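The values are calculated or read from the model by the stated rules, or taken from the named source; none is laboratory data. Since this is a predicted model, take the numbers as computed values, not measurements. Please note: Cβ atoms are built from the backbone with ideal geometry, for glycine as well, and neighbour counts cover all protein chains shown.
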Amino acid sequence: MEGAVQLGIFQFSLIYLLLIIVLVIMKRAKVNQSKLLLVASLRMSVQLVIVGYILQYVFKNPRPLFTIIFLIIMISFSIHRVLKGRKDLNNKFKIAIGSSLTFSGLFVLIFFVTVVVGKSIFNPQYTIPLAGMIIGNAMTGVNIAIKTFMDDINKEKNKINTLLNLGVEPKDILKPFANNALETALIPTMNSMLGMGIIFLPGMMTGQMLSGTLPTTAIMYQIAIMIAICTSVCTTVFLSLNLGYKSLYNNKKQFL
């Protein structure tokens with residue numbers, strides 16, 4: 001099998017022509033997000049180019065310190081992304097989210113790299129790309145879960161107060177909201193798993209095949225990473241909600 005075709009600057013730049021189609025459709029549909037699309041595309045391109053050069057250096061100089069620093073940056077940014085603008089969360093809830101994201105992401109990552117792949121966790125070639133997929137999806141999942149959880153609570157404030165006045169335990173009131181948020185957060189991942197292979201070929205598998213990896217090997221990696229992602233999302237969301245919602249009421253069973 002041939003490796004991936006090396007793209008020149010001119011060939012690569014042609015892909016941006018497709019954004020014209022998106023801009024035209026947005027204009028016809030009166031979607032006023034043209035500026036956001038252009039900014040997002042430019043920001044994505046700049047960030048990925050910078051990361052590409054950094055990774056090129058790290059892969060050529062595989063030192064444990066570089067891998068550790070990269071992981072710290074990934075986790076820090078993912079936590080920041082989840083908590084950014086969430087003024088409705090108290091500090092204990094935020095700590096629960098940050099701790100859950102860190103613990104779950106690292107646990108699944110270490111298991112995948114050291115047990116499944118059989119490489120050192122400090123091997124940047126495996127650890128950094130896999131960390132991006134595992135931690136990135138966990139971040140998205142917990143983002144969806146927290147938004148769903150807090151929105152549902154705000155919508156059902158009267159019901160919650162009624163149940164509380166009837167003597168129902170706060171944890172029994174909040175537990176169904178946490179379970180619903182967990183289910184909502186898992187739906188995108190499970191839908192991807194349902195459609196994978198028949199409806200679409202995932203990015204990791206496609207990238208490996210373009211680089212010359214045998215399809216059977218690429219398939220095994222893709223199955224493994226999807227199970228890892230599902231586990232990371234599930235554990236991160238479960239721990240975040242079940243540790244976090246306990247900070248919403250005090251020892252006197254009063255909501256804060």
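Here are the criteria: (1) in a helix (DSSP H, G or I); (2) small (Gly, Ala, Ser); (3) modelled with pLDDT of 90 or more. Tell me which single one SER120 does not satisfy.
Exception for SER120: condition (1).
Given the conditions (1) under 22 Å from ILE134 (Cα atoms); (2) assigned by TED's automatic domain parsing to the domain that holds VAL233, and given that VAL51 satisfies all but one, which numbered condition is not satisfied?
Every listed condition holds for VAL51 apart from (2).
Can you pull out the residues in segment 14-49 that are polar (S, T, N, Q) and more than 26 Å from ILE73 (Cα to Cα)?
ASN32, GLN33, SER34
Mind telling me which of the residues ALA185, ALA131 ends up being small (Gly, Ala, Ser), under 27 Å from LYS246 (Cα atoms) and at pLDDT below 95?
ALA185
Within segment 219-233, can one find any residue that is in the same structural domain as GLY105 (by TED's automatic domain parsing), modelled with pLDDT of 85 or more and either over 19 Å from PHE111 (Cα atoms) or in a loop (DSSP other than H, G, I, E, B) (or both)?
No, there is no match, as no residue in segment 219-233 is in the same structural domain as GLY105 (by TED's automatic domain parsing), modelled with pLDDT of 85 or more and either over 19 Å from PHE111 (Cα atoms) or in a loop (DSSP other than H, G, I, E, B) (or both).
Test each condition in (1) modelled with pLDDT of 90 or more; (2) charged (D, E, K, R); (3) more than 26 Å from LYS147 (Cβ to Cβ) for LYS60 and report the one that comes out false.
Only one criterion in (1) modelled with pLDDT of 90 or more; (2) charged (D, E, K, R); (3) more than 26 Å from LYS147 (Cβ to Cβ) is unmet by LYS60, namely (1).
Go through the residues of segment 73-82 one by one and say whether even a single one is assigned by TED's automatic domain parsing to the domain that holds MET150, within 30 Å of LEU248 (Cβ to Cβ), polar (S, T, N, Q) and free of Cβ contacts under 8 Å to residues at least 40 places away in the same chain. Don't jump to the end; show me each part of the working.
Within segment 73-82, the first condition is being assigned by TED's automatic domain parsing to the domain that holds MET150, and the residues that meet it are 73-82.
Filter once more, keeping what is within 30 Å of LEU248 (Cβ to Cβ): 74-82.
Imposing the further condition that a residue be polar (S, T, N, Q) reduces the set to 76, 78.
With free of Cβ contacts under 8 Å to residues at least 40 places away in the same chain added as a condition, the list becomes 76.
Yes.
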